[in-house]
Structure formats: structure tokens, C-alpha cells
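Below: the structure, in C-alpha cells.
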Amino acid sequence: VMSQVARLLPILIIIPVLSSFDENHVKREVNCDAPHQIISYYNLLRDLHDSPPLIVDEQLSGSALQWARQLSVTDNPDKCLYHSRLGGENIYFAWSTWGYSELEFSRAAIRAFYEEIKFYNYSRPGLNLPAAHFTNMIWRNCEKIGIGVFHMNYTSTHGACNVIGTIDRPARGYMLVVHQWPPSNVISASEFERNVLPPKRTYSF
């Protein structure tokens, strides 16, 4: 998922409101950095779908950070975001010439992943690529998670990511990679039926 911002304009973030959760509780519990905020929101939304909380794994975090860095420094003219060979992977990228906070970045990424629920049909369980970030996030059988966030300044373009930066006003890039284990989105209708459950409570953004 890639978030683009207009030239020389600040990002406009619409803060999600999880109607079934105490948003103030989230703010108190998370640390002031993106990985801790992202895992907190992941587990809140997983609970909404009756999926157990994920435990942060050091090895997965290392591989996620390594791939986030690889995507950030590699100038690929054909692709902006592309997956590694590891299963259970979500990727999100945003950039701004003004910059924005770790909290804003975390919320924007989570919202982008979770809003894909609108593309998932519970009456016909199975892999649907437009909903793949969502199903990956709430996959019930997952136990561990690793989160890598890499920041980089760009003074020109960056591959196919539509980044617009200059020496006078560099663009700040924010790359997020999430690795989960065991791998999710197993291509089987029965697996999706077991691992992607409908929400227990109402939700809205």
C-alpha cells in the first residue's frame, strides 16, 4: 500500500476512530514509536475478529527492517513496493516534504490495511488480493510478528514511488514492513474460513 501526498503540501491524515475500543487507552499503552503503536493496533483489531494477540519476535523484526531498508534504498524504475520471498508480509509506504509523526504514520498504515475489509466476502471465503493486507493482519493462526520501519530522505525521485523531493526540500520517506509467522493467506477456502472471522463488534474509521 502506498500513500502519496501532493507536491509541497502536508499530509492530511484522517484519524481512525475504533468505536468499540478506548482510543485513549491505546495512546497510554503504546510507546512513542511506530513499531509499538502498530503492534498495539494490530492486536486491537485482531481481537475484534476473535484472533489472539501476536507476540513480537526479534528475528521477524530483523527481517522486516532489512526488507524495509532494501525497498527504501533500491531505486526500482518499474516497481515501488514488492514482496520478499517470506510469506505473511504487509508493506506500506508514505512520503511527505513536511514530515509527520510516528503516530500519524502508524494510524495511516493500519487504516490502509484494515479498510480492505470492504473487499472481503465472508460468504465466499478465499484469497482476494484487494483484501490481502486485511486478511493477513487478522489471520487467526498467526502467533508472532516483526515490524520494521525505515526512514529515508529523498532529494529527487525514488523508483516508481512517485516521490517528489529536491535538495532544498527533501521528501521524507517512511517504509513499513510487517512479517508474521506462521504465514497467512494460505490459498484454501477452508483455511480462510477458519482464520478470517467476521468482526464481533461494530467498527468505523
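The values are calculated or read from the model by the stated rules, or taken from the named source; none is laboratory data. Everything numeric here is computed off the predicted structure, so don't read it as measured data. Here Cβ is always computed from backbone atoms with ideal geometry, including for glycine, and neighbour counts include all displayed protein chains.
State the number of residues belonging to the stretch 77-92 that are more than 20 Å from Asp57 (Cα to Cα) and either small (Gly, Ala, Ser) or out of contact with any His (no Cβ under 9 Å at 6 or more places or on another chain) (or both).
The initial filter retains those residues of the stretch 77-92 that are more than 20 Å from Asp57 (Cα to Cα), namely 77-82.
Narrowing the set further to residues that are either small (Gly, Ala, Ser) or out of contact with any His (no Cβ under 9 Å at 6 or more places or on another chain) (or both) leaves 77-79, 81-82.
Qualifying residue count, the stretch 77-92: 5.
Keeping to the stretch 85-104, report how many residues are surrounded by 15 or more Cβ atoms within 10 Å (Cβ to Cβ), more than 20 Å from His36 (Cβ to Cβ) and over 15 Å from the mean Cα position of the chain (by Cα).
Result for the stretch 85-104: 3.
Going by what's in this entry, would Arg194 be described as outside any helix (DSSP H, G or I) and of a type in the set (D, E, K, R)? Outline the logic, then answer.
On the way: outside any helix (DSSP H, G or I): no; of a type in the set (D, E, K, R): yes.
Against the criterion (outside any helix (DSSP H, G or I) and of a type in the set (D, E, K, R)), Arg194 does not qualify.
Among the numbered criteria (1) under 20 Å from Ala112 (Cα atoms); (2) within 20 Å of the chain's Cα centre (by Cα); (3) among the polar types (S, T, N, Q), which one does Asn141 miss?
Checking Asn141 against (1) under 20 Å from Ala112 (Cα atoms); (2) within 20 Å of the chain's Cα centre (by Cα); (3) among the polar types (S, T, N, Q), the one that fails is (1).
Which residue is modelled with the lowest pLDDT, if the candidates are limited to the stretch 18-35 and must be outside any loop (DSSP other than H, G, I, E, B) and aliphatic (A, V, I, L, M)? Explain how you work it out, then say what you get.
Of all residues in the stretch 18-35, those outside any loop (DSSP other than H, G, I, E, B) come to 23-29, 34-35.
Now restrict to residues that are aliphatic (A, V, I, L, M): 26, 34.
Numbers: Val26: 34, Ala34: 87.
The extreme case among them is Val26.
Only one of these is surrounded by 18 or more Cβ atoms within 10 Å (Cβ to Cβ) and either in a loop (DSSP other than H, G, I, E, B) or modelled with pLDDT under 95 (or both): His133, His151, His158, His179. Name it. It would help to see each step written out before you state the result.
Numbers: His133 fails: either in a loop (DSSP other than H, G, I, E, B) or modelled with pLDDT under 95 (or both); His151 fails: surrounded by 18 or more Cβ atoms within 10 Å (Cβ to Cβ); His179 fails: either in a loop (DSSP other than H, G, I, E, B) or modelled with pLDDT under 95 (or both).
The unique qualifying residue is His158.
Return the residues of the stretch 71-116 that are in a loop (DSSP other than H, G, I, E, B), closer than 14 Å to Tyr174 by Cβ and either of a type in the set (Lys, Arg) or without any contact (Cβ under 8 Å) to a residue 24 or more places away in the chain (or both); say none if nothing qualifies. Lay out the reasoning, then the answer.
Going through the stretch 71-116, the residues in a loop (DSSP other than H, G, I, E, B) turn out to be 74-88, 97-101.
Then keep just the ones that are closer than 14 Å to Tyr174 by Cβ; that gives 80-81, 97-101.
The one that is in a loop (DSSP other than H, G, I, E, B), closer than 14 Å to Tyr174 by Cβ and either of a type in the set (Lys, Arg) or without any contact (Cβ under 8 Å) to a residue 24 or more places away in the chain (or both): Ser101.
Among the residues of the stretch 36-62, write down those that are in a helix (DSSP H, G or I), closer than 13 Å to Asn90 by Cβ and in contact with a strand residue (DSSP E or B) (Cβ under 7 Å, 6 or more places away or on another chain).
Ile38, Ile39, Tyr42, Leu60
Does any residue in the stretch 191-205 that is of a type outside the set (Val, Ile, Thr) come within less than 7 Å, Cβ to Cβ, of a residue that is part of a loop (DSSP other than H, G, I, E, B) and exposed (fewer than 13 other Cβ atoms within 10 Å of the Cβ) six or more places away or on a different chain, and which pairs are these?
Leu197/Asp50; Pro198/Tyr122; Lys200/Asp50; Tyr203/Ser19; Ser204/Val17; Ser204/Ser19; Phe205/Val17
Could you please let me know if Arg124 is surrounded by fewer than 22 Cβ atoms within 10 Å (Cβ to Cβ), basic (Lys, Arg), in a loop (DSSP other than H, G, I, E, B) and at pLDDT 95 or above?
On the way: surrounded by fewer than 22 Cβ atoms within 10 Å (Cβ to Cβ): yes; basic (Lys, Arg): yes; in a loop (DSSP other than H, G, I, E, B): yes; at pLDDT 95 or above: yes.
Against the criterion (surrounded by fewer than 22 Cβ atoms within 10 Å (Cβ to Cβ), basic (Lys, Arg), in a loop (DSSP other than H, G, I, E, B) and at pLDDT 95 or above), Arg124 qualifies.
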